[in-house]
Each structure stands twice: as C-alpha cells, then as structure tokens.
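Heads up, the thing below is written out as structure tokens.
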Amino acid sequence: MSNITSLEYRIRFLEDVVFKDDPEIALFKVIFIRLKNILCINHGEDCISCKYKKCLYRYLSAGDFALMDSMPIKINKPLFSKRFIKKNELLELNCIFLGNAAIHIDFFHFALKDLEVRGLFKEEYKFCIEDVSIENVNLLEDNTFVNSITVLTPIDNIKNIFEVEKEKIERLNKLYGIIDKKMPCIAEAYDFRAIQFHIRKSLHMGSSRINQE
C-alpha cells in the first residue's frame, strides 16, 4: 500500500507571459516563496542553521531546498517546456506529495489561490485556475510501473542505479511514511553509454543554488 497524492492544476493565463525559467519551475518557486512568508518561523536565518527544527516550512521545502533529494513535494514536468505562454493558453501544473506531506496540501493550494488573486511577478501577470484535481496514486504490487506517473530514470553508468534509487526511496519513506513495506532491490544488468555535461545556468531554489548535470 502506498501513500502518494497527486495534485494537478489547469491554469489559464489572462495575458501573454514570458518566463525566465520553465513555467512549472517558476510557479513552483513562487508558491514556495509565498509558503515561506506564511509558515517560516525565523525569516532572518537559513533553514539549515535555524534552531526551529520542527518548522513546517523547513519540512515541506527540505530546508529551503538545501536537501533537494529529500523534498516531500515533487514537481512533475515535461522534459522540455516552452517559456512563452500566450493569452488564454492552458498550463498543467502537477505536483506529487509523498506520504504525510499530503496532510498540508491545503497550504500549497492556499498559496496558489493567493497568487491567482494577486498576480505573478509583482502582480504584473494574471491567471485563473480552471480546474483542480487531487487523487491517490497506486503502486502496483509487481513494481513494473507506477500508475499515473511517468518516471524518467536517472542515468548513472558507474554505480548501480537501482540500488541508489532504492536507498533514496527508503530514506524518503523513513521521513514521510510513503509505503508500508520494504521494497526489493532490482538486480538487473544494463549497459548505457552517455556523455556527461554541465548545464551552464544554475537553478536557484529558495536560498540554494543547484548546479545541474
């Protein structure tokens, strides 16, 4: 039995918008800025060094994005997104809440509704929420695929991908209570040749800068 919740919005923009980041990431970041204003206990200090270890903002943002792999809220976005959105065009924003993080889904919804009223980027761009859907995601017993989620497998030609991912899921499960039984480790040989490269522009999330490979 799994405890994973999918929250999906259909957003219609009321004017042309040009995003500096992919629109899904831009909205995700703005929502968390609003959440920080609502939930953060100590604005004058970074999450990692803050003495309030049980702050709800710290919990939802994994220390203001300092521990990205441990975030209980994941954004599900296309591999490539266009950054220019025309007036009346629709955008789907889909987020996955792991385990007990779904208890606080109303804060996330409130933050986006507040942005709908105020507008994005210093109240310059308006949008409206056309539709909202919340549903539980079912993991099939044979673990062959995850229903309702498209998974892009990380590339790693040095370590064992399946072992690394299993350790990550177990760490998340310990933090948020996602599944109620242990997962088997897949022992499957694979051969993949890839070229590693750095993306020039770093991604800024909260107070953290993430260098992508």
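Every number here is computed from the coordinates shown, using simple stated rules; none is lab data. None of these values were measured; they are calculated from a predicted model. All Cβ positions, even for glycine, are placed from backbone atoms using ideal geometry, and neighbour counts span all protein chains on display.
Tabulated data
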{"quantity": "Shape category assigned to region 7-148 from the gyration tensor of Cα positions, a/c cut at 1.5", "calculated": "oblate"}
{"quantity": "Nonlocal amide H pairs with Ile179, under 5 Å, H built at 1.01 Å", "calculated": "Asn3"}
{"quantity": "For region 38-44, 3J(HN,Hα) per residue [Karplus equation, 6.51 cos²θ - 1.76 cosθ + 1.60, θ = phi - 60°, Hz, x = Gly/Pro]", "calculated": "7, 9, 5, 7, 10, 5, x"}
{"quantity": "Sum of side-chain charges, Ala111 neighbourhood, beta-carbon under 12 Å (Lys, Arg +1; Asp, Glu -1)", "calculated": "+2"}
{"quantity": "Sorted peptide list for 4-12, 30-38, criterion being average Cβ within 10 angstrom, highest first", "calculated": "4-12, 30-38"}
